[in-house]
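Heads up, the thing below is written out as structure tokens.
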Amino acid sequence: KKTHVEYIERNNTSEKLGDVCLSLRYVPTAGKLTVMILEAKNLKKMDVGGLSDPYVKIHFMQNGKRLKKKKTTIKKNSLNPYYNESFSFEVPCEQIEIAATVLDYDKIGKNDAIGKVVLGASSTGTEQRHWSDMLANPRRPIAQWHSLRHQEEVNSLLYLMQSLIPHILPLI
Ligand SMILES: [Ca+2]
């Protein structure tokens, strides 16, 4: 049985899944976070004999635990969809994360995830920069492109974090 770390390493060879552009707007006084899904580009083709039918699912999370779920409309047969759809969340505390998963809608069977990004205080790289830009610019929407990662890779990291947090917190 593979450990989560081995799984992450095995999947690090980056297959191109596509990119998603979203904006984050945080109003500290109102405790409100607005996520706007703007567009996606170069998405992976998921349908045999077609393109993909992408939509974006947004999870609002706290310490890796899902609190709320929202989703965009489905854009049929497109690898470069435009959404311009926004979702607001009430922020209970600072320790929150936003996960955006791009999925391919299928009429029959389960919808497959194309890729995913997680934005929050514990993110790294571009995701981390976006999050700190948002916090540094209250009330202003900050837009940025993100490369999608494999859902399994992101979930493994979230799982690791969730299982580590109870052990790390007493040390901080
Ligand atoms: Ca499809």
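Regarding the chain, what are the three Cα extents along the principal axes, ordered largest first, in Å?
Principal extents (Cα only, largest first): 52, 44, 26 Å.
Taking the chain as a Gaussian network, Cα atoms linked when under 10 Å apart, which of Ile98, Ile37, Ile74 shows the biggest mean-square fluctuation?
Top of the fluctuation ranking is Ile74.
Charges at C-beta only: +1 for Lys and Arg, -1 for Asp and Glu. How large is the resulting dipole of the chain about its Cα centre, in Debye rounded to 20?
Around 360 debye, computed over the chain.
Within 13 Å, Cβ to Cβ, of Ile108, how many net charges do the neighbouring residues add up to if Lys/Arg are +1 and Asp/Glu are -1?
Net charge around Ile108: -3.
Note down the net charge around Ser23, summing +1 for each Lys or Arg and -1 for each Asp or Glu among other residues with Cβ under 12 Å from its Cβ.
Here the charged neighbours net out to -1.
Can you give the net charge of the other residues whose Cβ lies under 10 Å from the Cβ of Phe89, counting K and R as +1 and D and E as -1?
+2
With the dipole of the chain worked out from charges on the C-beta (+1 for Lys and Arg, -1 for Asp and Glu) around the Cα centre, which of His59, Ala136, Leu164 lies farthest toward the positive end?
Positive-most Cα among the choices belongs to His59.
Arrange Lys110, Lys45, Lys65 by Cβ neighbour counts within 10 Å, fewest through most, would you?
Starting with the residue having the fewest Cβ neighbours, the order is Lys110, Lys65, Lys45.
Mean residue ellipticity at 222 nm from the helices of the chain, using -39,500 (n - 2.57) per DSSP H segment of n ≥ 4 over the full residue count, to the nearest 500 deg cm²/dmol?
-6500 deg cm²/dmol
So which residue, out of Lys70, Lys44, Lys57, gets the largest mean-square fluctuation from a GNM of the chain using Cα contacts under 10 Å as springs?
For the chain, modelled as a Gaussian network with Cα springs under 10 Å, the answer is Lys70.
Say the cut-off is 20 Å between C-alpha atoms; which of Lys41/Lys76; Lys45/Lys110; Lys16/Lys65; Lys69/Lys110; Lys76/Lys110; Lys16/Lys107 go over it?
Going by Cα-Cα distance, Lys16/Lys65; Lys16/Lys107 fall outside the 20 Å limit.
With a 10 Å cut-off between alpha carbons and a GNM built on the chain, which of Leu24, Leu67, Leu79 moves the most?
Leu67
Note down the Stokes-Einstein diffusion coefficient of region 48-126 in µm²/s, whole number, using a Kirkwood radius over alpha carbon pairs, 37 °C, and 0.692 mPa s.
Diffusion coefficient, whole number: 237 µm²/s.
Bear in mind these aren't lab numbers, they're just calculated from the coordinates by the rules spelled out. Small disclaimer: the values here were computed from a predicted structure and weren't measured. Cβ: placed from backbone, ideal geometry, glycine included. Neighbour counts: every protein chain shown.
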